[in-house]
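Peer 1: Pasting in a structure now, in structure tokens, and then I'll have a few things to ask.
The values are calculated or read from the model by the stated rules, or taken from the named source; none is laboratory data. The structure presented is a predicted model; accordingly, all values stated were derived computationally and were not measured. Note that each Cβ is placed from the backbone with ideal geometry, even for glycine, and that neighbours are counted across all protein chains shown. Remember, those area values only see protein heavy atoms, side chains included, never the ligands or the DNA or RNA. Shrake-Rupley method; radii C 1.70, N 1.55, O 1.52, S 1.80 Å.
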Amino acid sequence: MFKQVELSYGAGDLEPNIDALTIETHYGKHHATYTKTFNEAVEKAGLTDKSAEEILASLDSVEDEGLRKVLRNNGGGYYNHNMYFEAFSANPKAAPEGELKTAIDETFGSLDALKDELTKLALGQFGSGWAWLSADTEGKLYVSNSPNQDNPISEKKGYMPILALDVWEHAYYLNYKNLRGDYIKAYFNVLDWGKIEENYKKVCGK
Ligand code: MN
């Protein structure tokens, strides 16, 4: 049974960057529904012994097209939002250190340059979707975007996501209306790079 991550902050603790009603709706309604629907589909597909990562990496093996689509959309919705909500903090670490910092500097030049890349991808994602920072087992970094609830795991390029930036309108519309760029700036204000360091370590051991 897949469960939503527990929030380590109160719904209002990320204000003014992300407002309480957006967190309550996004986590309490949208993410909750993805999780519930994913669990039902996993049961139906007989995949209860698999991890979410395994399911997302092997969607092709689900023969029923309708069920495959439900697993893709809601498995992504479940997994992506766990990574998204887990990475916020009311007292975020503003910049990465150690191996992740080194990899970011070597790949993108600086943390600001990485944020610019992610912002471009997030703004360039037409309609609903995500921007991602991912890593492979060697620690190599990769930025990308994806529509809907798709996720780098399903691309099967060997990269696992370590940072998830949700640009569905439900992530920002209540507060920022059509101003996705303002929301992206606010997202980085409450993003805890300590959490991204942990995710990086889980993928590559560094
Ligand atoms: Mn969302």
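Peer 1: How far is it, in nm, from the label point at Leu7 to the one at Glu198 when both lie 7 Å from their Cα along the line to the Cβ?
Peer 2: Here the answer is 1.7 nm between the modelled labels.
Peer 1: For Gly109, what is the net charge nearby, where nearby means another residue's Cβ is under 13 Å from its Cβ and Lys, Arg count +1, Asp, Glu -1? Kindly include the intermediate steps, with their values, before the conclusion.
Peer 2: Numbers: positive: Lys101, Lys115; negative: Asp105, Glu106, Asp112, Asp116, Glu117.
Net charge around Gly109: -3.
Peer 1: Okay, moving on. Express the accessible area of the range 79-206 per residue in Å², computed with a 1.4 Å probe while the remaining protein chains stay in the model.
Peer 2: On a per-residue basis, the range 79-206 sits at 44 Å².
Peer 1: Towards the positive end of the charge dipole of the chain, with charges on Cβ (+1 Lys, Arg; -1 Asp, Glu), say which of Pro92, Asn73, Ile162 has the farthest Cα.
Peer 2: Asn73
Peer 1: Can you tell me which lysines have their Cα less than 24 Å from the Cα of Lys120? Leave out same-chain residues fewer than eight positions away.
Peer 2: Lys93, Lys101, Lys140, Lys156, Lys157, Lys177, Lys185, Lys195
Peer 1: With a ≥ b ≥ c the root eigenvalues of the C-alpha gyration tensor of the range 1-148, is it rounded (a/c under 1.5), prolate (a/b larger than b/c) or oblate?
Peer 2: Details: a/c = 1.95, a/b = 1.35, b/c = 1.44.
Oblate.
Peer 1: On to the next question. Taking K and R as +1 and D and E as -1, what net charge do the other residues with C-beta under 11 Å from the C-beta of Phe38 add up to?
Peer 2: With Lys, Arg at +1 and Asp, Glu at -1, the net is +2.
Peer 1: In the range 20-86, what percent of the accessible surface is made up of carbon and sulfur (1.4 Å probe, ligands and nucleic acids excluded)?
Peer 2: That share works out to 47 percent.
Peer 1: Turning to a different aspect of this structure: Rounded to whole Å, give me the distance from the Cα center of the range 1-49 to that of the range 132-168.
Peer 2: About 19 Å separates the Cα centre of the range 1-49 from the one of the range 132-168.
Peer 1: Sticking with this one: Report the GluC sites (Glu not before Pro) located in the range 72-178 that are in a DSSP loop and have at most 12 other Cβ atoms inside 10 Å of their Cβ, or state none.
Peer 2: When the GluC sites (Glu not before Pro) of the range 72-178 are filtered for loop state and at most 12 Cβ neighbours within 10 Å, Glu97, Glu138 remain.
Peer 1: Dipole magnitude of the chain about its Cα centre, charges +1 at Lys/Arg Cβ and -1 at Asp/Glu Cβ only, in debye to the nearest 20?
Peer 2: With Lys and Arg at +1 and Asp and Glu at -1, about 200 debye.
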